[in-house]
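Asker: Pasting a structure below so you can have a look.
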Amino acid sequence: MHIVKGYSIPSGWIIGNLYEISNFTNGITCQKYPPNNDNADLRVIKIREMHAGTFSEDSEFVHSNVPSKIIIKDGDILFSWSASLEVMRWFGGKGALNQHIFKVDAKPPYTNEFVYHTLSNYIVKFVAMAEARKTTMGHITTDHIEQSTIVIPPAEIINKFTNNIIPIHKKIAKLQVENRHLIALRDELLPVLMNGQVSICD
């Protein structure tokens, strides 16, 4: 163990911040990209969709010509930094990221698995910071991210952790996508079952 910036950490570990291990890409004002009303349109991921983990009939659309950096796919890490602070891996299908949410990607040589769990662990500190300001709508700024303090292990430990956690993340991803498909099937079948168009016997 050794002391770094007042913290007692294992030898070979360092003190850093969240910006050192990850990129934070903010969503856009999706109203600037009105939908073309065709099959290429993308649904918008707002905080409501993020909390639900999926889209709904009320989800808005944008045309597909949005910046590629804010197009979200299954497995991407999202961090809502305004109002309700939350970190999640998205499995609701392809969409466009609205403002007030960061897409988070690992900076090499770090991994998304390490970044996700580090940020998920740190979010309680961000929540405490927002509550301490006693505002009606807490939010986290880029300054707060730069001022964050995390402990970063050596590369071999990060790689070992990543290799151990990847199979678990893959199982979670598979189950999340299966759940999404089953919910869509339920929503399609339930109305026709209720109105008698089809029956279980069919």
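Asker: Give me the pairs, please: first residue somewhere in segment 90-106 and more than 24 Å from Glu20 (Cβ to Cβ), second residue anywhere and outside any strand (DSSP E or B) and among the charged types (D, E, K, R), beta-carbon distance under 7 Å, and either six or more positions apart or on two chains.
Answerer: Phe91/Asp74; Phe91/Arg180; Gly92/Glu49; Gly92/Arg180; Gly93/Asp74; Gly93/Arg180; Lys94/Lys73; Asn98/Lys46
Asker: Could you please let me know if Pro109 is of a type outside the set (D, E, K, R), in contact with a helix residue (DSSP H, G or I) (Cβ under 7 Å, 6 or more places away or on another chain) and exposed (fewer than 13 other Cβ atoms within 10 Å of the Cβ)?
Answerer: yes
Asker: Let me ask you something else. Restricting to segment 112-144, what's the tally of residues that are buried (at least 19 other Cβ atoms within 10 Å of the Cβ) and at pLDDT 95 or above?
Answerer: 6
Asker: Restricting attention to segment 26-39, does a residue exist that is among the polar types (S, T, N, Q) and surrounded by 15 or more Cβ atoms within 10 Å (Cβ to Cβ)?
Answerer: From segment 26-39, those among the polar types (S, T, N, Q) are 26, 29, 31, 36-37, 39; that's our starting set.
Next, only the ones that are surrounded by 15 or more Cβ atoms within 10 Å (Cβ to Cβ) stay: 26.
Yes - at least one qualifying residue is present in segment 26-39.
Asker: Please specify each residue of segment 8-65 satisfying the condition of being of a type in the set (Phe, Trp, Tyr) and touching a strand residue (DSSP E or B) at 6+ places or on another chain (Cβ under 7 Å).
Answerer: Result: Trp13, Phe24, Tyr33, Phe55, Phe61.
Asker: I'm trying to understand the selection: among the residues of segment 81-90, which are at pLDDT 95 or above and more than 17 Å from Leu175 (Cα to Cα)?
Answerer: Val87
Asker: So if I check each of Ser59, Ser11, Ser64, which one is among the polar types (S, T, N, Q), surrounded by 14 or more Cβ atoms within 10 Å (Cβ to Cβ) and either without any contact (Cβ under 8 Å) to a residue 24 or more places away in the chain or under 23 Å from Gln176 (Cα atoms) (or both)?
Answerer: Answer to the check: Ser59.
Residues are listed down the side, and each one gets a yes or a no for (1) of a type outside the set (D, E, K, R); (2) on the phi > 0 side of the Ramachandran plot; (3) part of a loop (DSSP other than H, G, I, E, B):
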site: Ile3; (1), (2), (3): yes, no, no
site: Ser11; (1), (2), (3): yes, no, yes
site: Asn36; (1), (2), (3): yes, no, yes
site: Asn39; (1), (2), (3): yes, no, yes
site: Glu49; (1), (2), (3): no, no, no
site: Ser59; (1), (2), (3): yes, no, yes
site: Lys69; (1), (2), (3): no, no, no
site: Asp74; (1), (2), (3): no, no, yes
site: Met88; (1), (2), (3): yes, no, no
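Asker: Could I ask something else about it? Please tell me if Ile166 is under 20 Å from Val104 (Cα atoms) and at pLDDT 95 or above.
Answerer: Yes, satisfied.
Asker: Related question: Which number in (1) touching a residue at least 60 places away in the same chain (Cβ under 8 Å); (2) closer than 24 Å to Ser148 by Cβ; (3) under 12 Å from the mean Cα position of the chain (by Cα); (4) surrounded by fewer than 21 Cβ atoms within 10 Å (Cβ to Cβ) marks the one condition that His51 misses?
Answerer: Here His51 meets the rest and fails (1).
Yes/no matrix, rows are residues, columns are (1) closer than 19 Å to Met88 by Cα; (2) touching a Gly at 6+ places or on another chain (Cβ under 9 Å):
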{"residue": "Ser8", "(1), (2)": "no, no"}
{"residue": "Asn23", "(1), (2)": "yes, no"}
{"residue": "Gly27", "(1), (2)": "yes, no"}
{"residue": "Lys32", "(1), (2)": "no, no"}
{"residue": "Pro35", "(1), (2)": "no, no"}
{"residue": "Leu42", "(1), (2)": "no, yes"}
{"residue": "Ile45", "(1), (2)": "yes, yes"}
{"residue": "Ala52", "(1), (2)": "yes, yes"}
{"residue": "Ser56", "(1), (2)": "yes, no"}
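Asker: Report whether or not Ala83 is in contact (Cβ under 8 Å) with a residue 24 or more places away in the chain, over 22 Å from Thr162 (Cα atoms), among the hydrophobic types (A, V, I, L, M, F, W, C) and crowded, with 20+ Cβ neighbours inside 10 Å. Break it down stepwise before answering.
Answerer: Details: in contact (Cβ under 8 Å) with a residue 24 or more places away in the chain: yes; over 22 Å from Thr162 (Cα atoms): yes; among the hydrophobic types (A, V, I, L, M, F, W, C): yes; crowded, with 20+ Cβ neighbours inside 10 Å: no.
The answer is no for Ala83.
Asker: Can you tell me which residues in segment 13-34 are of a type outside the set (Gly, Ala, Ser), part of a loop (DSSP other than H, G, I, E, B) and farther than 12 Å from Glu60 by Cβ?
Answerer: Within segment 13-34, Trp13, Asn17 qualify.
Asker: Another question, if that's okay. Given the conditions (1) over 30 Å from Ser84 (Cα atoms); (2) within 16 Å of the chain's Cα centre (by Cα); (3) of a type in the set (S, T, N, Q), which single one is not true for Asn39?
Answerer: (2)
The values are calculated or read from the model by the stated rules, or taken from the named source; none is laboratory data. Quick caveat, the model's predicted, so the values are computed rather than measured. With ideal geometry, Cβ positions are generated from the backbone for all residues, glycine too; neighbour counts draw on all protein chains shown.
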